[in-house]
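First the structure, in the form of structure tokens, and then the observations on it.
The values are calculated or read from the model by the stated rules, or taken from the named source; none is laboratory data. A quick note: this is a predicted structure, and the numbers were derived from the prediction, not measured. We place every Cβ from the backbone using ideal geometry, glycine too, and count neighbours over all the protein chains shown. We work out accessible area using only protein heavy atoms, side chains counted, and drop any ligands, DNA or RNA first. Shrake-Rupley method; radii C 1.70, N 1.55, O 1.52, S 1.80 Å.
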Amino acid sequence: MRSSLIALLLLIAAFTQSTAQTSGTITGKVTDETGAPVEFANALLLSASDSSLVKGALTDSSGTFVFEKAAYGRYLVSISFVGYAPVYTQAFENSPQQPDIQLGLISLSQEGIALEEVIVKASRPFIQLDAEKMTLNVENSPVAAGGNALEVLARAPGVTVDQNNAINLKGKQGVLILINGKDTHLSAADVAKMLETMPAENIRKIEIIHSPSARYEASGNAGVINIVIKKDSRMGLNGSARVEYGQGTYPKSGAGLRFNYRQNDWNIFGDYSYWRNERFQQINLFRTINGQAGATTFDQFNRQANTDNSHWASGGVDWTPGERTTAGLFFRTQIGSTGQEAFNHTFLGGANPNDFSLVDADRFGDEHWNNYSFNFNLAHQFEKPGRNLSFDADYSTFETEDLQDYRNFFLDEDGQQAAAPNLLASDNYSKVDIKAVKADYSQPLGETAKIEAGAKVSSVTTDNNIEFRQQEDEGWFIDSTRTNQFLYEENIFAGYLNANKQFKGFTLQAGLRAEYTRSNGRSVTLGQENNRGYLDLFPSASLSHQVGENHSLSYSYSRRIDRPTYQSLNPFIYFLDQYTFLKGNPFLQPQYSNSFSVNYGYKQRYFLTLSYSRTSSFMAEILEQDDEQLLTFQTMANLDQFDNYSLNLHVPVTVTDWWSARFNISAYYNGFQSVYLGQTFDNGQFSYNIHMNQNFNLPAGFKAELSGYYQSGMVYSFFHIKDRYQIDMGITKTFLDDRATLKLSVTDVFNIRDHNVDIVQGNINVRVNNKWETQRAFLSLTYRFGNEEVKPARRRSTATEEEQGRVQGGN
């Protein structure tokens with residue numbers, strides 16, 4: 001680590017060398033009619049005297065173009081992009097008195113292109129890729145109609161979501177989820193719940209960053225996923241209203257309203273969505289336990305039906321008191337409930353030591369939860385281009401109460417009661433409070449270098465209190481063996497330094513992030529307490545360069561951490577069913593990953609990525625078994641080592657003027673090595689997944705999309721996961737002068753997606769089949785209101801947008 005720090009300081013020192021200035025920098029941002037940035041637009045710097053070409057550039061994914069070292073003179077800029085009318089700026093001049101020119105926001109308007117009977121209007125494809133990240137333009141996809149954020153994420157190339165809603169990226173768990181560039185600080189389970197109840201219609205785009213720099217949180221060894229919520233940037237009053245209906249095995253319905261009012265220096269915005277979803281999950285599980293009397297088999301069938309009702313609302317205000325300063329307030333809330341009915345039948349066979357051979361276990365649940373988030377942000381752009389300062393203060397709370405009734409009946413082969421029933425009830429209350437403040441600063445060094453620095457302090461407190469009651473003699477009594485309260489507090493103090501330098505066709509970036517973590521976990525019931533404090537350094541570096549006109553190469557390295565979830569540290573045992581329990585591990589350690597990648601791009605269209613990562617103290621979900629009591633415990637433990645080798649190929653294909661396709665192929669090898677419970681464990685497998693996305697521009701203003709994926713079998717620690725696949729399709733039509741949009745989509749058209757897992761671990765042998773409601777049809781109607789002809793407002797950079805800019809995006 002010391003050598004990394006010394007190298008970074010030497011690099012920064014080299015950046016500070018200055019030269020006499022005889023030229024300046026010209027910058028601008030390109031957006032479409034909605035204020036969204038336009039990526040890969042052509043920007044040409046032209047001489048004002050004869051319109052001859054001086055320099056050319058492409059806009060990045062935030063819509064920004066930069067002409068560096070532009071000699072003093074009089075110029076104009078032209079902007080062009082397929083499907084849009086070209087735009088020319090007024091002539092301007094840079095000089096020693098004003099060397100750097102900010103052109104501000106340049107808006108493009110779409111123009112129709114006649115192709116016989118087909119009228120094509122340019123739009124972003126569902127998937128865009130560059131050397132740094134992959135972007136899913138959710139708002140442009142007919143397949144994204146209806147559904148939720150978790151389902152849209154599961155269709156992203158290289159991303160899989162398992163039966164427990166755990167998110168995997170290129171075969172690795174440990175993904176950091178951001179909302180508008182901000183960490184949620186929630187556990188993986190709570191993030192999954194939030195995404196599962198977030199309507200897909202609220203999302204503008206999803207960005208997948210594989211090799212984050214030091215500016216990002218150090219957590220997330222698999223990468224970072226940033227979900228950008230829709231927000232309008234036009235002047236005046238604009239908005240949209242939406243209704244949708246879906247049908248699978250059970251019905252679904254939703255509605256939403258969004259508005260934005262921008263006038264002079266003020267911008268007020270808000271949205272509300274309601275979503276009701278009835279769904280099911282079916283699990284078949286077979287396991288064998290070898291006791292002294294022989295092998296006992298468990299053949300288990302479980303079907304669970306859930307009804308979700310969720311309300312999503314957000315809003316805020318931005319104020320721009322001066323040309324370079326913006327202040328904002330923002331809030332977001334989710335309130336919802338889930339009703340559950342689960343029916344489980346377990347048949348015991350083989351050497352069964354019990355008087356009963358069938359356990360009928362019914363469970364009825366009623367869960368209520370709410371999430372509130374508040375943010376104050378302040379951003380200032382100094383007079384010198386590229387010199388920015390931003391500040392954020394955040395408070396969030398996530399609260400849930402889950403009431404469960406368990407009814408266990410023990411029957412013999414004739415269906416008669418063979419033992420007294422076990423009747424239980426539980427009240428599980430949990431609350432998470434999150435406070436965070438952070439500041440970020442960027443400073444250009446000369447004309448080809450930039451330095452960034454920032455600091456952040458966050459505090460998380462959790463209270464998890466579960467009370468179990470058992471019925472005895474027609475009365476209910478507290479079961480002290482299952483009742484538990486666990487308190488957890490975690491404080492993280494972080495700072496980073498990041499530098500960027502361009503020289504002779506190369507771009508070098510190097511950064512270092514330091515995080516000190518202090519935590520305290522206390523089981524009130526058991527009287528156990530565990531205190532920790534540790535300091536970690538997380539270096540990162542990347543080098544990119546252009547090889548000729550069509551080829552680009554980049555290399556990157558980063559070190560990252562994943563900390564145990566709050567609940568995984570709770571040492572208490574939780575009741576799942578009569579023979580299955582969940583328990584935490586208070587001695588679970590963080591895992592650390594070192595990742596390397598090489599990216600190759602051809603014509604900014606075709607991309608090949610090679611990656612390798614090694615994770616030490618890998619946190620794995622494992623099973624422990626009591627052969628004599630016939631009990632199975634699910635918990636977490638650290639394995640010695642996890643190696644991941646991956647290759648990703650992205651190929652876009654233009655079949656005709658109205659038909660385009662994109663293929664993404666990810667191949668990877670997962671290898672796990674460890675000594676666990678005195679035995680050497682070595683498990684590995686080569687796996688791959690293929691994603692296909694096809695888009696069709698049809699006559700009469702129709703657009704269609706066909707997508708599908710195949711995921712081969714893979715291993716993850718002790719779990720052998722079988723292959724799975726799915727095909728989706730959708731169609732969209734705009735009418736009423738493009739103000740109304742009708743979308744029809746069908747997910748898992750052939751109802752073929754399921755999840756099959758084999759677990760072979762020491763004396764444990766389990767086979768699981770999981771099927772949930774994946775085949776569904778959705779119909780949605782969206783109507784946009786407001787003055788569509790007004791020009792977009794000047795682009796304003798709030799503190800929230802500054803964070804989004806760090807992942808090459810914005811609202």
Within the set Lys205/Lys603; Lys29/Lys450; Lys205/Lys504, which residue pairs have Cα atoms separated by over 28 Å? Lys205/Lys504
GluC sites (Glu not before Pro), loop per DSSP, at most 12 other Cβ atoms within 10 Å - longest free stretch of the chain: 118-322
Take Ala313 and His368, extend 7 Å from each Cα along the Cα→Cβ direction, and tell me the distance between the two endpoints in nm. 1.6
Sites removed, the longest contiguous part of the chain containing no DSSP-loop trypsin sites (Lys or Arg not before Pro) with at most 11 other Cβ within 10 Å is 1-503
Potential extension, Leu698-Leu411 segment - 0.36 nm per residue separation minus Cα distance: 97.2 nm
Given His380, Asn226, Thr249, which one lies farthest toward the positive end of the charge dipole of the chain, if we put +1 on the Cβ of every Lys and Arg and -1 on the Cβ of every Asp and Glu? His380
Debye intensity ratio in log₁₀ form over the Cα atoms of region 532-639, taken at each q of 0.19 Å⁻¹: -0.95
May I have the pair-distance distribution P(r) for region 322-457, computed from all Cα-Cα distances with 5 Å bins from 0 and rounded to whole percent? 2, 8, 11, 10, 9, 8, 7, 7, 6, 6, 5, 5, 5, 4, 3, 2, 1, 0
Quick one: length gained pulling Glu474 to Phe92 fully straight, 0.36 nm per residue minus the C-alpha distance? 128.8 nm
If you average the C-alpha positions of region 508-559 and of region 609-673 separately, how far apart do those two centres end up, in angstrom? 20
What is the extension gain from Asn531 to Tyr272, computed as 0.36 nm multiplied by their sequence separation minus the C-alpha to C-alpha distance, in nm to one decimal? 89.1 nm
For region 514-631, what % of the accessible area comes from carbon and sulfur atoms, probe 1.4 Å? 55
Compute the long axis of helix 2-15 from its Cα atoms, compare it with the longest principal axis of the Cα atoms of the chain, and write down the angle in degrees, 0 to 90, nearest 10. 20
Could you grab the relative contact order for the chain? Cα pairs under 8 Å, six or more apart, rounded to a whole percent. 12
At R0 = 60 Å, FRET efficiency that the Cβ-Cβ distance of Asp626 and Leu553 yields, to 0.05: 0.65
Over the Cα atoms of the chain, each weighted equally, I'd like the Debye log10 I(q)/I(0) at q = 0.06 Å⁻¹, rounded to two decimals. -0.41
Return one whole number: the accessible area per residue of the chain in Å², for a 1.4 Å probe. 42
Asp427 paired with Leu257, simple spin-label distance in nm, labels 7 Å along Cα-to-beta-carbon: 3.7
Take Thr481 and Ile573, extend 7 Å from each Cα along the Cα→Cβ direction, and tell me the distance between the two endpoints in nm. 0.7
Checked against a 18 Å limit on the C-alpha separation, the offending pairs among Lys182/Lys431; Lys182/Lys230; Lys252/Lys722; Lys182/Lys435 are Lys182/Lys431; Lys252/Lys722
Everything considered on the Cα gyration tensor (a ≥ b ≥ c; rounded for a/c under 1.5, else prolate if a/b is larger than b/c, else oblate), region 220-287 must be described as oblate
Efficiency of FRET from Cβ geometry, Gln292 and Asp737, R₀ 56 Å, rounded to 0.05: 0.10
